[in-house]
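K.L.:
Could you have a look at this structure, given as structure tokens, before my questions?
The values are calculated or read from the model by the stated rules, or taken from the named source; none is laboratory data. These figures come from a predicted structure and were not determined experimentally. FYI the Cβ positions are ideal-geometry reconstructions off the backbone, even for glycines, and counts take in every protein chain you see.
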């Protein structure tokens, strides 16, 4: 039996469906079991559980041999925040898994997690990583880059609703984006394959793309001409990240993450991971394909978006 913690999320749901399709026994844990009727219909055992409730974790871990921790509180508020979920909650899950005799734990962390990171969720993930590593449990740590599907919605929504992109900062910094399906493939590999045990696996997509290029890609998929983006200046974002923290910590966290994405090296080469741990299918999902599925059926390439930006710049159009 495999326990999926955070089965209602993008990654947890994708892994659950993949495991069920392969005939595996899966227990899907969520705070809202009524919202997992689709997974129950596929054969999952759906249970109520909360990373902030150790008793519920003890119940969820009974009879389980492997665990995937895929929940997070990046956009959480109130008592559901990274400190209580990504840090303390995951440490409580490790304790419950150890007490229940779980054989192997796969922990979903984040690209760039470290103890001195300027944003809390990266620090909280790093603390949970350290706790799991010192627990004595067999484990694998996954560190995915930014999810393509999430950012396709974030970047695309202003284009659809307002007719122009909204860009955090300058928007020229290359960022690695990975498809949820590819992270799910590595999660299943980490659950099943002994080669993954004791490993930290950096999971990224095939290309590093700036937010400006991302926006142009979406515009092309929608069949729209490039529009002048609205830039949120870095200085304003830094102020917003501080001012909003006491009243809206989730928004402040998102703004600070926007600063990070515009000022920090967020690129990644997935080649070393693919060479160490080849997947069942050799190709990683392209961002172009995710954008095309979401916003159109045409062929949209990174080369096209870069050409669009060059033409716009030559014509004096803001990019």
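K.L.:
Say we look at region 60-82 and pick out the residues that are in a loop (DSSP other than H, G, I, E, B) and under 12 Å from residue 2 (Cβ atoms); which of these is nearest to the chain's Cα centre (by Cα)?
P.N.:
Residues of region 60-82 that are in a loop (DSSP other than H, G, I, E, B), as a first pass: 62-65, 70-82.
Next, from what is left, pick out any that are under 12 Å from residue 2 (Cβ atoms): 63-65, 70.
Numbers: 63: 28, 64: 25, 65: 25, 70: 9 Å.
Among those residues, the one meeting the criterion is 70.
K.L.:
Here's something else I'd like to know. Is it the case, given these coordinates, that residue 31 is closer than 22 Å to residue 94 by Cα, at pLDDT below 95 and surrounded by 15 or more Cβ atoms within 10 Å (Cβ to Cβ)? Quick ask: steps written out before the conclusion?
P.N.:
Values: closer than 22 Å to residue 94 by Cα: yes; at pLDDT below 95: yes; surrounded by 15 or more Cβ atoms within 10 Å (Cβ to Cβ): yes.
Considered against the rule, which asks whether it is closer than 22 Å to residue 94 by Cα, at pLDDT below 95 and surrounded by 15 or more Cβ atoms within 10 Å (Cβ to Cβ), residue 31 comes out as yes.
K.L.:
A further question follows. In region 273-311, how many are touching a strand residue (DSSP E or B) at 6+ places or on another chain (Cβ under 9 Å), at pLDDT 90 or above and part of a helix (DSSP H, G or I)?
P.N.:
The qualifying residues number 4.
K.L.:
Could you go through region 9-17 and let me know if any residue there is modelled with pLDDT under 95 and either in a helix (DSSP H, G or I) or under 19 Å from residue 187 (Cα atoms) (or both).
P.N.:
yes
K.L.:
Look at region 80-95 and say how many of its residues are more than 19 Å from residue 8 (Cα to Cα) and modelled with pLDDT under 90. Steps first, answer last, please.
P.N.:
Applying the first criterion (more than 19 Å from residue 8 (Cα to Cα)) to region 80-95 yields 83, 87-88, 91-92, 94-95.
Narrowing the set further to residues that are modelled with pLDDT under 90 leaves 83.
Summing the residues that are more than 19 Å from residue 8 (Cα to Cα) and modelled with pLDDT under 90 in region 80-95 gives 1.
K.L.:
In addition: Select, from 206, 226, 246, the only residue that is out of contact with any strand residue (DSSP E or B) (no Cβ under 7 Å at 6 or more places or on another chain), within 17 Å of residue 289 (Cα to Cα) and in a loop (DSSP other than H, G, I, E, B). First the steps, then the outcome.
P.N.:
On the way: 226 fails: within 17 Å of residue 289 (Cα to Cα); 246 fails: within 17 Å of residue 289 (Cα to Cα).
So the residue among 206, 226, 246 that is out of contact with any strand residue (DSSP E or B) (no Cβ under 7 Å at 6 or more places or on another chain), within 17 Å of residue 289 (Cα to Cα) and in a loop (DSSP other than H, G, I, E, B) is 206.
K.L.:
Separate question: If only one of 225, 221, 196 is surrounded by 15 or more Cβ atoms within 10 Å (Cβ to Cβ), in contact with a helix residue (DSSP H, G or I) (Cβ under 9 Å, 6 or more places away or on another chain) and more than 29 Å from residue 142 (Cα to Cα), which one is it?
P.N.:
So the residue among 225, 221, 196 that is surrounded by 15 or more Cβ atoms within 10 Å (Cβ to Cβ), in contact with a helix residue (DSSP H, G or I) (Cβ under 9 Å, 6 or more places away or on another chain) and more than 29 Å from residue 142 (Cα to Cα) is 221.
K.L.:
For residue 38, indicate whether it is farther than 20 Å from residue 14 by Cα and either assigned to a loop (DSSP other than H, G, I, E, B) or modelled with pLDDT under 95 (or both).
P.N.:
On the way: farther than 20 Å from residue 14 by Cα: no; either assigned to a loop (DSSP other than H, G, I, E, B) or modelled with pLDDT under 95 (or both): yes.
No: the conditions fail for residue 38.
K.L.:
Checking the condition under 19 Å from residue 49 (Cα atoms), surrounded by fewer than 21 Cβ atoms within 10 Å (Cβ to Cβ) and in contact with a helix residue (DSSP H, G or I) (Cβ under 8 Å, 6 or more places away or on another chain), which residue from 164, 127, 91 passes? So that I can check it myself, show each step before the final result.
P.N.:
Details: 164 fails: under 19 Å from residue 49 (Cα atoms); 127 fails: under 19 Å from residue 49 (Cα atoms).
Residue meeting the stated conditions: 91.
K.L.:
Suppose the filter is over 21 Å from residue 252 (Cβ atoms) and assigned to a helix (DSSP H, G or I); does residue 132 pass it? Spell out how you get there, then give the answer.
P.N.:
Details: over 21 Å from residue 252 (Cβ atoms): yes; assigned to a helix (DSSP H, G or I): yes.
Answer is yes for this residue.
K.L.:
Considering only residues of region 242-276 that are over 20 Å from residue 112 (Cα atoms) and within 21 Å of the chain's Cα centre (by Cα), which is surrounded by the most Cβ atoms within 10 Å (Cβ to Cβ)?
P.N.:
Within region 242-276, the subset over 20 Å from residue 112 (Cα atoms) is 242-249, 251, 275.
Next, only the ones that are within 21 Å of the chain's Cα centre (by Cα) stay: 249, 251.
On the way: 249: 17, 251: 15.
Going through the qualifying residues, I end up with 249.
K.L.:
Further, regarding this structure: Tell me, yes or no, whether region 103-115 has at least one residue that is surrounded by 21 or more Cβ atoms within 10 Å (Cβ to Cβ), in contact with a helix residue (DSSP H, G or I) (Cβ under 8 Å, 6 or more places away or on another chain) and either assigned by TED's automatic domain parsing to the domain that holds residue 286 or more than 19 Å from residue 190 (Cβ to Cβ) (or both).
P.N.:
No, region 103-115 has no match at all.
K.L.:
Right, residue 253: out of contact with any strand residue (DSSP E or B) (no Cβ under 6 Å at 6 or more places or on another chain) and either part of a loop (DSSP other than H, G, I, E, B) or outside the structural domain of residue 158 (by TED's automatic domain parsing) (or both) or not?
P.N.:
No; evaluated as a whole, the condition is false for this residue.
K.L.:
Does at least one position in region 78-93 carry a residue that is without any contact (Cβ under 8 Å) to a residue 24 or more places away in the chain, assigned by TED's automatic domain parsing to the domain that holds residue 120 and over 21 Å from residue 196 (Cα atoms)? Reasoning before the result, please.
P.N.:
Initial filter on region 78-93 (without any contact (Cβ under 8 Å) to a residue 24 or more places away in the chain): 78.
Now restrict to residues that are assigned by TED's automatic domain parsing to the domain that holds residue 120: 78.
Among the residues that remain, those that are also over 21 Å from residue 196 (Cα atoms) are: 78.
Looking for residues that are without any contact (Cβ under 8 Å) to a residue 24 or more places away in the chain, assigned by TED's automatic domain parsing to the domain that holds residue 120 and over 21 Å from residue 196 (Cα atoms), one finds at least one in region 78-93, hence yes.
K.L.:
Looking only at residues that are touching a helix residue (DSSP H, G or I) at 6+ places or on another chain (Cβ under 8 Å) and part of a helix (DSSP H, G or I) in region 229-241, which one is surrounded by the most Cβ atoms within 10 Å (Cβ to Cβ)?
P.N.:
Pass one, region 229-241, residues touching a helix residue (DSSP H, G or I) at 6+ places or on another chain (Cβ under 8 Å): 229-230, 232, 234, 237-238, 240-241.
Pick out the ones that are also part of a helix (DSSP H, G or I) and you get 234, 237-238, 240-241.
Working: 234: 15, 237: 19, 238: 16, 240: 19, 241: 21.
Filtering first and then ranking leaves 241.
Okay, residues lined up against (1) under 16 Å from the mean Cα position of the chain (by Cα); (2) at pLDDT 95 or above; (3) within 27 Å of residue 65 (Cα to Cα); (4) outside any loop (DSSP other than H, G, I, E, B):
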residue: 97; (1), (2), (3), (4): no, yes, yes, yes
residue: 102; (1), (2), (3), (4): no, yes, yes, no
residue: 142; (1), (2), (3), (4): yes, yes, yes, yes
residue: 157; (1), (2), (3), (4): no, no, no, yes
residue: 167; (1), (2), (3), (4): no, no, no, yes
residue: 177; (1), (2), (3), (4): yes, yes, no, yes
